[in-house]
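Nothing in this text is a laboratory measurement; each read-out follows from the coordinates by a stated rule. Source: prediction; values computed, not measured. Here the Cβ is made from the backbone with ideal geometry for all residues, glycine too, and neighbour counts use every protein chain on show.
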Amino acid sequence: MATTEQTTPTPDALQPGTTVHVGTDTAREWWRDAVIYQVYPRSFADGNGDGIGDIPGITARLDHLKTLGIDAVWLSPFYRSPQNDAGYDVADYRDVDPLFGTLADFDEMLAGAHARGMRVIVDLVPNHTSDQHAWFQEALAAAPGSPERARYIFRDGRGPDGTEPPNNWHSIFGGPAWTRLAPSSTADGDAYDEPSPQWYLHLFDSTQPDLDWNRPEVRSEFEDVLRFWLDKGVDGFRVDVAHGMVKADGLPDWHGHVSMVDGGTADEESDPGAPEDGSTGAGNSGPMFDQDGVHEIYRDWHRVLAEYDGDRCLVAEAWVEPLSRLARYVRPDEMHQAFNFSFLTTGWDAAALRRVIAASYRANDEVGAPTTWVLSNHDVVRHVTRLGLPDPGVRPNGVFATDPQPDEELGLRRGRAATALMLGLPGSAYLYQGEELGLPEHTTMPNDVRQDPAHFRTQGAEAGRDGCRVPLPWSADEPGLGFGPTGRTWLPQPESYARYAADVQAGVEGSTLELYRSALAVRQAERLGFGALSWLAGWEDSADVVAFRNGDVVVVANLGAEPVEVPANVPGAGELMLASGPLAPALDEGTVVVPADTTVWLRA
Ligand code: NOJ
Ligand code: CA
């Protein structure tokens, strides 16, 4: 048996070691241990055959989610939108875009989810609107200095003729964060025949103008939007760019750079953070992010949600580090959860994972919030692909066909092991549609079909996020792999997707779909989401193994290249509850051999 010296356990290896997190009360709010599945509506299932997923498509597939065993669904935006950023550019916050259906379709979907015991969280995009939103159109038609302009961040340009932007900020999608108004858009009394001196701020695309959250009118409007969806019965909101809504006074110049997927690099003055705090470089910094003023907004929203029954919740999309800073968003009177991007951006490294896990509990336990876990979403390269790249720690914004290609088999093995590790952790976990199929990123997508504005605004330097947004394969033998009734798909599916189709995995032992179903069932039965976590004695410093005890379950993840033998030295050890991949035969009775890139759950 090949075991490395470093990972050979001591005789009491399965005894609890350092306690990292004490268990929490199982009778508390539903979201504390929830597994929440992200539906990206345009790529989940197409009901009407136009090649774009829609709400009736989701309703028709609710049983897939039910049998998967998730607790709640989070829907990315389906509101009225010109779709310049796939719906994160909202033109009307109180209506469904005709592309996705109608408000009645939404009600039906919500009722269907509730009838199956699943909750529904919707996406709220408060940092910016679409340029097609009535407010922005009114702002363009109004004069500089008007109340209509004041809802957004308009400033005069710098330089003698206002030809320079008001400050040096860059858009997260690339290019400048300011756009100067064209002469035609400044009908403020006398028409300009010269360009206007006025520019507007957009941290993302130029069609996504940032709102000014200092304005009471902006605040009351969004409280009203919250109530609109709460009254419909939604169970919570995922809050987009939750760390960006308030900008530093005076909008000072900044010399750092921000990036969509990894936070970018801070300027020289900022502290990159000691690894012990779990930081991975996932935090956006600069005068446009994580300003103290944002917390006042969330205290207001907390009060709005508290007026409703059913433990409605707010989850922050905030690329903030260190984790102690992120935890400020989930103080008892603010939001309820925040995505743990420090975990997502930790590579395939046992010591780094232990550090980020410990730091996550330290920070969240301090404020009484559940720690959350996530490996994939619609903005990052899918985790089975990241973990199959030559360096699994890199965080590219998409993969080009001309880039070094991932090792698909290795990535899938590691991806399954990473998921089994994540779902064994106390707290709440987020899954991204398709990961239950082991779906890889589309890494050979032709550039001429790409749609992500980040690809265009970086002049093609970044592939962008289309590769993780490809329509799901439901049936291997149908056109478009069963995405919809006509075979049309808004992005092409790679050939390999037929192998991953849901219908070829359902009921097949060892498939990724059955692994997810089993993991979620055991997690639920054992109440792992509420458990306590302690590192297993003897493994705390292992270079290759992350091993912990959560209640009555022991989780051993072997990230190394050699198999590791787990001894049967506690009562019940050897009862295998879950394995992310095939196991090698054990040499001694009662022991379990965990192969490379594999995670097991054992009855402790
Ligand atoms: C974060 C969202 O997840 C991403 O998809 C979007 O492009 C930006 N926020 C801008 O809304
Ligand atoms: Ca459709």
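Observations
- Magnitude of the charge dipole, region 532-603, Cβ model with Lys/Arg +1 and Asp/Glu -1, debye to 20: 240
- Whole-number D in µm² s⁻¹ for region 131-210, Kirkwood Cα-pair radius fed into Stokes-Einstein, 25 °C, 0.890 mPa s: 195
- Cβ-based exposure ranking for Leu583, Leu110, in which fewest neighbours within 10 Å come first: Leu583, Leu110
- Using R0 = 25 Å, the C-beta based FRET efficiency linking Asp541 and Asp292 works out to 0.05.
- Average projection area in nm² (convex hull over Cα atoms of region 291-397, one quarter of hull surface): 7.6
- The order of Thr599, Thr489, Thr402, Thr59, going from fewest to most other C-beta atoms within 10 Å of their C-beta, is Thr402, Thr59, Thr489, Thr599.
- Using 0.36 nm per residue and subtracting the Cα-Cα separation, the extra length available between Thr26 and Glu223 on full extension is 67.8 nm.
- Using the Karplus relation 6.51 cos²θ - 1.76 cosθ + 1.60 with θ = phi - 60°, the per-residue 3J(HN,Hα) values for region 282-290 come to 7, x, 6, 10, x, x, 9, 10, 6 Hz, with x marking Gly and Pro.
- Dimensions of the chain based on its C-alpha atoms, expressed as ranges along the principal axes with the largest first, amount to 89, 55, 52 Å.
- Least to most buried among Val564, Val73 (fewest other Cβ within 10 Å first): Val73, Val564
- For region 410-425, the Karplus equation 6.51 cos²θ - 1.76 cosθ + 1.60, evaluated at θ = phi - 60°, returns couplings of 4, x, 5, 4, 5, x, 5, 5, 5, 5, 5, 5, 4, 6, x, 8 Hz by residue, with Gly and Pro reported as x.
- Counting every C-alpha pair in region 532-603, the share spaced more than 18 angstrom apart comes to 30%.
- Taking the charge dipole of region 131-210 about its Cα centre, with +1 at Lys and Arg Cβ atoms and -1 at Asp and Glu Cβ atoms, the residue from Pro176, Pro197, His133 reaching farthest to the positive side is Pro176.
- Counting only Cβ charges, +1 for Lys and Arg and -1 for Asp and Glu, the dipole size of region 131-210 around its Cα centre is about 260 debye.
- Our helix-only sum for the chain, with -39,500 (n - 2.57) per DSSP H run of n ≥ 4 divided by its residues, gives a mean residue ellipticity at 222 nm of -6500 deg cm²/dmol.
- Sequence-distant residues sharing a close amide H with Glu565 (under 5 Å, placed H): Val594
- Residues with amide H under 5 Å from that of Gly17, placed H, sequence gap 5 or more: Trp535, Leu536, Ala537
- Taking Lys and Arg as +1 and Asp and Glu as -1, the other residues whose beta-carbon sits under 13 Å from that of Asn447 total -4.
- Along principal axes, Cα extents of region 465-604, largest first, whole Å: 57, 32, 30
- Alpha-carbon Rg with Dmax, taken over region 347-451, Å: 15.1, 48
- Remark: the chain carries a charge dipole of roughly 940 debye about the Cα centre, counting +1 on each Lys and Arg Cβ and -1 on each Asp and Glu Cβ.
- Per-residue Karplus couplings for region 54-64, computed as 6.51 cos²θ - 1.76 cosθ + 1.60 with θ equal to phi - 60°, are listed in order as 8, 5, x, x, 5, 4, 5, 10, 4, 5, 4 Hz, Gly and Pro entered as x.
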